[in-house]
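Student: Here it is: the structure, laid out below.
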Amino acid sequence: MTQSVEVLRGTLDLLILKAVSWGPTHGYGVARWIEQATSDVLRIEEGSLYPALHRLETRGWIDATWGTSDNNRRAKFYTLTMKGRAQLREETATFTRFAHAVFAALEAPPKPEAAS
Amino acid sequence: MRRLPAWRRYLRFWGSNVRDDVNDEIRFHVEMRVAEYVARGMSEDEARRRAAERFGNVDRALDSCVDIQEKHARAEGRAELGSVLQRDVLFGLRVLRRQALPSLVAAACIALGIGATTAMFTIGNALLLRPLPYPHGDRLVQIGSAHGTERRTGMTATSLPDFADWRSRQRSFTDVAAVWQQAMTVSSGEPFRAGGASVTASLFQTLGVTAEQGRLFRDGEDQPSAEPVAVVTRRFAERRLGGMDSVIGRRLRIAGALRTIVGVIPDRWAYPAGADIFLPLGRDPLSEGRGSRYLVVLAQLKPNVSIEAADREMSAIGAELRREHAESDANITPFVTPLREVFVGPARSGLLALGLGTLLILIVACANVAALQLARASSRAPEIAVRTAIGAAKWRIFNQLLTESVLLSLVGGVAGVAIAFAARTLVAKAVAPNVPSWMTFDIDVRALAFAAGMSVVAAIGFGLAPAIRLTRIDPAGALHGMGGILGIDRGRLQRAFVAIELALSIVLVVGAELAVQSVMRLHDVPLGFETARVTTFRLNMQGQRYASRGERVRVLTMLTNRIAALPDVATTSATTYAPGASCCSQFGTVIADHPLPPTERLIVTGNIVLPGFFKTIQIPLLAGRDFTNADGADAPKVVIISQTFAKRFWPAGDALGHLISTGSGGMETIIGIVGDVKQGRVIDDPEPQFYRPYAQDPWSDMDVIVRMKSNALLAAADVRRVARDIDPIALPISRVQPLQQAIDDSISSKQVLGTLLAALAVVALALATIGIYAIMSFFVSQRTKELGLRMALGAEPSGLLAYVMRQAFGVAVAGGLIGLTVSVFVAHALEHLLFGVRAAEPAVYVVAAGALLVAALIASYGPARRAGASDPMIALRAE
C-alpha cells in the first residue's frame with residue numbers, strides 16, 4: 001500500500017462537493033471516489049466525513065434522499081444542489097489559485113539577496 | 001437508485017429519528033467497507049476489525065451529526081414561524097391598505113372602544129388597584145361615628161372624648177390618630193391661608209410615615225401645655241418659606257400663635273391630602289363635650305386583624321360608651337372602613353355608570369367591525385376561494401384573516417391609547433373630582449397592558465366570525481359565481497351583529513338621556529335664594545386681636561360697610577357659610593315645647609349672619625322681622641327659622657315667639673320665618689334651618705356676601721385693599737368668586753358625567769349608523785340579480801327603494817325592541833344615581849327609539865337609492 005496523506009482541513013468540503021457532483025452518491029461512495037480519484041494517495045478520515053456531509057446538507061449545498069443502494073440496502077444519497085454547484089466552482093477556483101501560488105513559491109529560484 | 005416506499009418515510013416523519021437515520025447511514029458505510037475488504041480476500045473477522053479501525057470513533061461522528069441536524073432543525077423552525085408571521089403581517093397590511101377607507105373606519109371604531117375603556121381603566125386603576133402612598137396603605141382604616149343605624153352616610157366625625165376612649169380600649173390597631181382639618185392663617189408678610197390640620201401626635205406613626213427633614217411630633221406634644229410646634233410639607237417649605245434649607249427651627253405665626261417648625265414631610269404623605277401645615281391638636285379630652293364631633297379618626301390595623309374583626313371590636317366599644325354616656329352617645333356606633341374606601345366611595349356610582357357605558361361602546365365597536373368585516377368578506381371571497389383551490393391550508397387562511405384583525409385592532413389600540421391619554425382627565429373629573437394629588441390617572445404599564453389585552457380580545461371578538469365564515473367557503477361555488485358564496489343565510493349573522501349594536505346603542509342613549517336630564521333638573525332646582533350678581537369671599541379673623549367678641553363684630557361690620565361703599569356695590573352682608581355649595585355648621589337644638597327623650601338629639605343646620613343677609617341674598621322673609629343692629633350682644637337672644645323648621649314643629653303656623661336653644665348658651669326667641677334654601681348640596685331635600693344674629697355669637701371665619709348693582713364682577717384687589725386698610729397682618733381674604741360659580745362647581749362632576757355619557761351615546765349611535773350602512777350596502781350588492789329581476793318584471797324604483805328600506809327597518813326594529821327592554825332594566829338599576837328623574841319616563845324611550853329610527857333612515861337611504869336605480873340589464877349580467 002502506498003503511503004497515504006491525510007486530507008487537509010478545509011479541503012474535505014471541496015472534495016465532497018466534487019464527489020457528489022457526478023450524481024447521487026452515499027457516504028461510502030464519496031469516500032471511495034476520493035480514494036480512487038487520488039489513486040489512494042488521499043485518505044479521508046471517515047469519522048469526520050459524516051459530520052461534514054451533514055454540515056453541507058444543512059447549508060443547502062447538497063441534498064439528501066433515502067434510497068436503496070446497488071446491493072439493495074437502505075442508504076442515504078447525496079446530490080449537489082444549484083447552490084452547491086456554485087460553491088464548488090468558487091472553491092475550486094480558490095483552491096487552484098492557492099495551489100498554484102504554493103507551487104510557485106516552492107519552485108522559485110533562491111533569493112538573489114540571500115545569495116550575495 | 002430506487003426511492004423508499006412512502007410508508008417508510010412517513011414512519012420517519014414523526015418524532016426525532018435523526019439519530020436512527022445517522023446510525024443507519026454509518027452502519028451502511030461500515031458494511032460496505034467490510035464487503036470491500038472481504039472482496040479483497042480478507043476473512044470476515046479481519047475485514048470487520050479493519051473497517052472499524054478505518055472509521056474511527058463511531059459515537060463521536062454520530063453525536064456531531066445529530067447535533068448539526070438538530071441545531072439546523074431548530075433554526076429552520078424559527079425561521080419558518082417567523083416567515084409565516086411576516087408573510088401574514090405583510091399581506092395583512094397590504095389588504096388593509098388596499099381597502100384604506102373601510103380599514104380606517106374599522107380602526108377608528110376600535111380606537112373609540114379601546115380609548116374609552118382604557119381611559120376608564122386608568123381611573124379604576126388609580127382608585128382601586130394602585131396602592132395608597134403610605135407604607136401600610138392596605139391596613140389603614142378610618143373609624144367613623146355613625147348616627148343611628150345608618151352607617152357610612154351623614155355625619156361620621158368623632159368627639160375628642162370618644163376618640164380618647166376608643167384609643168385606650170381598642171386592641172385591633174397598632175395606633176389610632178385623630179385629625180381636625182382646618183384652613184390656617186400664616187402671618188409672615190402678607191397674611192395668607194393654607195390648608196392644614198390639627199392632629200394627635202400619633203398621626204404620623206399611624207400613617208407609617210417619617211420626616212424628610214427634622215422630626216415629627218413626640219408623644220405628649222399634642223397636650224395643651226406643650227411647646228407650640230408645627231410640621232409642614234415639602235411643597236409648603238419650598239413655595240412659602242423659600243426652600244428646604246432654613247426651614248427647621250424657623251418660627252412662624254400660624255393660626256394666631258408663634259410656632260417652631262420641627263419637621264418636613266414629603267407631599268404625598270400629607271393627610272388630609274390638601275393639608276400643608278400640621279399642628280399638634282393641643283386639646284384636653286376632659287374639657288371637651290362628648291357631643292362635639294369634629295375629628296376624623298384614622299387607625300392602622302394590626303397585621304393579623306381583619307377589618308371585620310376590628311369593626312366588631314369597635315361596635316362593642318361603641319356599645320360600652322352608649323351605656324356609659326347615654327346623654328351624648330345614645331345614638332352613636334363606631335364603624336371601620338378601609339381608607340381607600342374614602343376615595344372610592346364617592347366615585348363608585350360614576351365608575352359604575354361610565355364603566356358600563358365604555359364597555360358597551362367597546363362591544364358596539366366590535367360588533368360594528370365584525371359587521372363591516374363580514375361585508376368586506378364578500379369582496380374577499382374570490383381571493384380566498386382561489387387560495388383554497390390552489391391548496392392553501394384552511395388554518396393558514398384562518399391565521400391570515402385573524403392576523404389582519406389583530407393588525408387592525410392594534411392600530412386601533414394605539415390610537416385608542418392616545419384617545420385615553422387625552423380623555424382621562426375629563427373622565428377623572430366626572431368620576432372622582434376630589435382626589436388627593438398623589439392619586440394620578442397615569443397611563444401606566446398596567447393601563448397599557450389593559451389596552452393591549454383589550455385590543456387582542458377585540459380582534460378575536462370581531463375577527464373570529466368573519467374568519468370562520470371565510471374559511472368555510474366552498475371554492476367551487478365561490479369561483480362559479482358571487483351569489484352563494486357566503487352560504488345560505490345571506491348575511492343573517494351580520495344583521496344579528498348590527499341588531500345587537502343597535503340594542504346596546506339604545507341602552508346608552510337611554511342612560512345618557514337620563515343622566516343629562518338629571519343634570520338639567522339640577523340646574524333648575526329652586527335654590528331659595530338669588531345668585532345673580534352676587535360675589536362671595538371668605539374672611540378669617542385669627543390671632544390675639546380677634547380674641548375679643550366685640551372686636552370681631554366691629555371689624556366685620558366695618559369691612560362690610562366699606563365694601564358696600566365701593567362703586568357698583570348694592571348691598572353686603574355676611575354668613576358663616578354661604579348657601580348652595582358649602583355645608584355647613586350643625587347645632588344640637590332643643591325646642592322648649594317639644595322635649596325629646598334623652599336618647600334622641602335634634603341636629604339642625606344653622607348660620608350666624610349679619611343684619612341685611614336675607615335682603616342681600618334675597619331669601620324671602622315670610623313672617624316676623626329681620627335682624628337689626630338692635631339685636632346686639634346684650635339684647636335678648638333671637639333666632640329666625642326656616643319654613644320647613646316652622647312647619648315641622650309648629651304646623652299650626654304659630655312659630656313666632658316660641659323659645660328654642662341652638663347653642664348660643666341660652667334660649668332664643670323666634671322672631672321671623674324665612675324661605676327654605678339649599679344650604680349644602682343642591683340635591684338635598686329641604687331641611688330645618690335657623691339663623692342667629694352675628695352680634696350675639698360672633699364667629700371668626702365668615703363668608704361675606706356682596707350683591708353688585710350691575711353684572712360687573714367684584715374685584716378681588718379692591719376687597720384685599722379694604723381688608724388691608726383695616727388690618728394689614730391678620731385679616732386674610734380667600735376664594736373671591738361669584739356665588740353661582742361655587743354652585744356650578746358643586747354639580748360640575750355630575751354635569752361632566754352627563755356630558756360624557758351623552759358623548760358615548762352619540763358615538764354609539766354613529767357606530768350603529770355605520771353598521772346599518774355597511775349591511776345595507778352589502779345587502780344591495782348581494783341582491784343585484786334579484787333587484788334587477790324585480791325591475792325587469794316591472795317593479796317601480798320607489799318600490800325597490802321601499803323594499804330595501806324595509807330590510808333596514810327590520811333590523812332596526814329588532815335591535816330597538818331588544819334595546820328598549822334592556823334599557824328599562826338598566827334604568828331601574830341606575831335610578832338611585834339620578835336626581836329628579838324616574839326610570840320609567842316614556843319620553844326618554846320615545847326619544848331613544850326616534851333617534852334610532854332616524855339613524856336607520858339615514859344609513860339605509862343611500863344603499864336603497866342605489867337599489868332603486870339599479871339597471872336590470874347590468875344586474876342580470878352581473879352573474
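The values are calculated or read from the model by the stated rules, or taken from the named source; none is laboratory data. This is a predicted model, so every value here is computed, not measured. Cβ placement follows ideal geometry from the backbone for every residue including glycine, while neighbour counts extend to all protein chains displayed. Remember, those area values only see protein heavy atoms, side chains included, never the ligands or the DNA or RNA. Shrake-Rupley method; radii C 1.70, N 1.55, O 1.52, S 1.80 Å.
Student: Among the helices (runs of 4 or more DSSP H) confined wholly to the range B:150-264, which include 1 or more residues that are in contact with a Pro (Cβ under 7 Å, 6 or more places away or on another chain)?
Tutor: Ranges flagged: B:160-169, B:234-240.
Student: If A:Thr58 satisfies all but one of (1) closer than 17 Å to A:Leu14 by Cβ; (2) within 9 Å of another protein chain (Cβ to nearest Cβ), what's the number of the condition it fails?
Tutor: Every listed condition holds for A:Thr58 apart from (1).
Student: Out of (1) in a loop (DSSP other than H, G, I, E, B); (2) open to solvent by 50 Å² or more (accessible area, probe 1.4 Å); (3) of a type in the set (Gly, Ala, Ser), what's the single condition that is false for B:Ala717?
Tutor: Here B:Ala717 meets the rest and fails (1).
Student: Could I ask something else about it? Taking B:Thr333 as the residue in question, decide whether it is touching a residue at least 12 places away in the same chain (Cβ under 8 Å) and in contact with a strand residue (DSSP E or B) (Cβ under 8 Å, 6 or more places away or on another chain).
Tutor: Yes; evaluated as a whole, the condition is true for this residue.
Student: Report whether or not B:Thr557 is under 30 Å from B:Asn711 (Cβ atoms), touching a Leu at 6+ places or on another chain (Cβ under 6 Å) and at pLDDT 80 or above.
Tutor: Against the criterion (under 30 Å from B:Asn711 (Cβ atoms), touching a Leu at 6+ places or on another chain (Cβ under 6 Å) and at pLDDT 80 or above), B:Thr557 does not qualify.
Student: Continuing with the same structure: How many residues does the range B:49-71 contain that are in contact with a Phe, Trp or Tyr (Cβ under 8 Å, 6 or more places away or on another chain) and either open to solvent by 70 Å² or more (accessible area, probe 1.4 Å) or away from chain A (no Cβ under 12 Å) (or both)?
Tutor: 1
Student: Would the range B:377-391 turn up any residue that is surrounded by fewer than 22 Cβ atoms within 10 Å (Cβ to Cβ) and not in a helix (DSSP H, G or I)?
Tutor: yes
Student: Sort out which residues of the range B:16-48 are β-branched (Val, Ile, Thr) and more than 8 Å from chain A (Cβ to nearest Cβ), and write them in order of number. Spell out the reasoning first.
Tutor: In the first step, residues of the range B:16-48 are kept if they are β-branched (Val, Ile, Thr); the result is B:18, B:22, B:26, B:30, B:34, B:38.
B:Val18, B:Val30, B:Val34, B:Val38, listed by residue number.
Student: Further question: Tell me the residue from B:Ile747, B:Ile673 that is of a type in the set (A, V, I, L, M, F, W, C), open to solvent by 10 Å² or more (accessible area, probe 1.4 Å), touching a residue at least 12 places away in the same chain (Cβ under 8 Å) and in a strand (DSSP E or B), please.
Tutor: B:Ile673
Student: Does the range A:87-102 contain at least one residue that is open to solvent by 60 Å² or more (accessible area, probe 1.4 Å), within 14 Å of chain B (Cβ to nearest Cβ), in a helix (DSSP H, G or I) and not acidic (Asp, Glu)?
Tutor: no
Student: So, of the residues in the range B:771-798 that are surrounded by fewer than 16 Cβ atoms within 10 Å (Cβ to Cβ) and touching a residue at least 40 places away in the same chain (Cβ under 8 Å), which turns out to be farthest from B:Leu356 (Cα to Cα)?
Tutor: My answer is B:Ala792.
Student: Based on this model, can you work out whether B:Ala111 counts as without any contact (Cβ under 8 Å) to a residue 60 or more places away in the chain and either open to solvent by 40 Å² or more (accessible area, probe 1.4 Å) or more than 14 Å from every other protein chain (Cβ to nearest Cβ) (or both)?
Tutor: no
Student: Being surrounded by fewer than 18 Cβ atoms within 10 Å (Cβ to Cβ) and not in a strand (DSSP E or B) is the filter; apply it to the range A:64-80 and report the residue that is nearest to the other protein chains (Cβ to nearest Cβ).
Tutor: A:Arg73
Student: Could you identify the single residue in B:Thr425, B:Thr440 that is under 30 Å from B:Ser349 (Cβ atoms), among the hydroxyl-bearing types (Ser, Thr, Tyr) and either buried (at least 23 other Cβ atoms within 10 Å of the Cβ) or modelled with pLDDT under 75 (or both)?
Tutor: Unique residue meeting the criteria: B:Thr440.
Student: Take the range A:26-48 and flag every residue that is more than 8 Å from chain B (Cβ to nearest Cβ) and among the hydrophobic types (A, V, I, L, M, F, W, C).
Tutor: Within the range A:26-48, A:Val30, A:Trp33, A:Ile34, A:Ala37, A:Val41, A:Leu42, A:Ile44 meet the criteria.
Student: What are the residues in the range B:280-292 that are more than 23 Å from B:Val141 (Cβ to Cβ) and either crowded, with 20+ Cβ neighbours inside 10 Å or out of contact with any strand residue (DSSP E or B) (no Cβ under 9 Å at 6 or more places or on another chain) (or both), if any?
Tutor: B:Asp284, B:Leu286, B:Ser287
Yes/no per residue for (1) within 30 Å of B:Gln69 (Cβ to Cβ); (2) at pLDDT 90 or above:
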site	(1), (2)
A:Val41	no, no
A:Asp70	yes, no
A:Glu90	yes, yes
A:Ala108	no, no
A:Ser116	no, no
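Student: Is it true that A:Lys18 is over 25 Å from B:Asp59 (Cβ atoms), more than 13 Å from chain B (Cβ to nearest Cβ) and touching a Phe, Trp or Tyr at 6+ places or on another chain (Cβ under 6 Å)?
Tutor: no
So that you can scan it fast, the table gives a plain yes or no per residue for (1) crowded, with 20+ Cβ neighbours inside 10 Å; (2) hydrophobic (A, V, I, L, M, F, W, C); (3) in a strand (DSSP E or B):
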| residue | (1), (2), (3) |
| --- | --- |
| B:Arg268 | no, no, no |
| B:Phe278 | yes, yes, yes |
| B:Val296 | yes, yes, yes |
| B:Ala309 | no, yes, no |
| B:Glu320 | no, no, no |
| B:Glu341 | no, no, no |
| B:Arg348 | no, no, no |
| B:Ala353 | yes, yes, no |
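Student: Something else about it: Mind counting the residues in the range B:567-620 that are over 30 Å from B:His325 (Cα atoms) and either of a type in the set (Gly, Ala, Ser) or at pLDDT below 85 (or both)?
Tutor: 8
Student: To continue, here is another question. Quick test for you: out of B:Asp725, B:Asp701, pick the one residue that is farther than 30 Å from B:His832 by Cβ, surrounded by fewer than 17 Cβ atoms within 10 Å (Cβ to Cβ), touching a helix residue (DSSP H, G or I) at 6+ places or on another chain (Cβ under 8 Å) and of a type outside the set (A, V, I, L, M, F, W, C).
Tutor: B:Asp725
Student: Residue check, B:Ala812 against (1) crowded, with 18+ Cβ neighbours inside 10 Å; (2) modelled with pLDDT of 80 or more; (3) over 16 Å from B:Ala774 (Cβ atoms), all met but one. Which one?
Tutor: (3)
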